[in-house]
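Okay, so here's the structure we're looking at.
The values are calculated or read from the model by the stated rules, or taken from the named source; none is laboratory data. Treat the numbers as computed from the prediction; the structure is a model and nothing was measured. Please note: Cβ atoms are built from the backbone with ideal geometry, for glycine as well, and neighbour counts cover all protein chains shown. Side chains are part of the model used for accessible areas, which takes the heavy atoms of the whole protein and leaves out ligands, DNA and RNA. Shrake-Rupley method; radii C 1.70, N 1.55, O 1.52, S 1.80 Å.
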Amino acid sequence: MASIDDFPSVLCANFFVLVSRVGRLQDPRTIRKIVAVDANAILAFAGLTADARVLVNKTRTEAQTYRLTVEDAPSMEYLARFIARTQQKYTQRGGVRPFGLSTLMAGFEDGAIGTKKKPVLYQTDPAGTHSSWKAQVIGGRNAKTLREFLEKNYEENMTEEAVVKLIVKVLLEVVDSGAANMEVCVIRAEGRETMSEADVTKVVKVIEDEIEETQASAGAKKPAADA
């Protein structure tokens with residue numbers, strides 16, 4: 001799938017962090033890559049925005065239909081299966097083409113009785129498959145490289161600050177202009193929060209300072225090694 005997007009997502013014990021890449025000249029208010037499809041489900045997509053609009057509307061309608069019929073919220077797995085089933089139908093139906101996008105859907109589901117809601121993360125692709133992840137990247141040519149970066153650096157039970165830092169660091173591998181090209185969304189059980197550009201800039205500055213410090217430290221050790 002051709003796409004300029006690189007879209008990482010990380011799940012931890014009590015929250016998610018989703019990051020999308022936006023165009024340098026694009027007004028971020030006109031195209032949102034992170035949208036709500038139900039009260040408990042946030043969907044992020046990489047690919048054709050027009051296709052995403054159709055798929056998001058279908059998913060929202062299905063979620064509302066489920067609520068009216070069952071009188072309960074649909075589970076994350078139910079919505080992921082619906083999205084995947086819809087995408088798969090368009091791969092074999094005459095007169096239509098497959099949806100040109102992949103999705104990441106994050107949300108919370110009820111755990112065992114007496115426990116907190118547990119976060120879950122699902123991915124779907126244009127072929128119509130869905131799968132559950134702890135951390136994942138979808139998007140363009142760099143997705144494989146960024147996924148390998150996540151695999152090396154992801155740890156269980158990371159703090160929110162550490163996850164935001166990790167996921168921004170992942171996207172900095174392919175984004176040149178820093179915070180201006182990022183939309184960072186933190187999803188908690190009580191709701192979601194989109195970080196301001198100023199807050200993201202602070203995280204980027206910390207990462208850049210650490211990189212400079214590491215490079216300076218490596219440069220200081222090199223003469224001693226040569227000696």
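The listed residues are 30, 59, 65, and the only one of them that is more than 15 Å from the chain's Cα centre (by Cα), surrounded by fewer than 16 Cβ atoms within 10 Å (Cβ to Cβ) and at pLDDT 85 or above turns out to be 65.
Applying the set (1) farther than 16 Å from residue 47 by Cβ; (2) surrounded by fewer than 19 Cβ atoms within 10 Å (Cβ to Cβ); (3) of a type in the set (S, T, N, Q) to residue 181 leaves exactly one unmet item: (2).
Within the range 120-140, the set of residues being touching a Phe, Trp or Tyr at 6+ places or on another chain (Cβ under 7 Å), open to solvent by less than 20 Å² (accessible area, probe 1.4 Å) and not aliphatic (A, V, I, L, M) comprises just one member, 139. In the range 68-81, of all residues being in a helix (DSSP H, G or I) and in contact with a strand residue (DSSP E or B) (Cβ under 9 Å, 6 or more places away or on another chain), the one that is most open to solvent (accessible area, probe 1.4 Å) corresponds to 81. I'd like the full set of residues that are touching a helix residue (DSSP H, G or I) at 6+ places or on another chain (Cβ under 9 Å) and either open to solvent by 50 Å² or more (accessible area, probe 1.4 Å) or at pLDDT 90 or above (or both), limited to the range 36-51. The answer is 36, 37, 38, 39, 40, 41, 43, 45.
When 106, 143 are checked against the criterion of being open to solvent by less than 60 Å² (accessible area, probe 1.4 Å), modelled with pLDDT under 85 and closer than 19 Å to residue 43 by Cα, 143 stands alone in meeting it. Filtered by the rule that a residue be at pLDDT below 85, aliphatic (A, V, I, L, M) and open to solvent by 30 Å² or more (accessible area, probe 1.4 Å), the range 150-178 gives a lone residue, 172. Filtering the range 160-207 to residues that are without any contact (Cβ under 8 Å) to a residue 24 or more places away in the chain and either within 30 Å of residue 39 (Cβ to Cβ) or assigned to a helix (DSSP H, G or I) (or both) leaves 161, 162, 190, 191, 193, 196, 197, 198, 199, 201, 202, 205.
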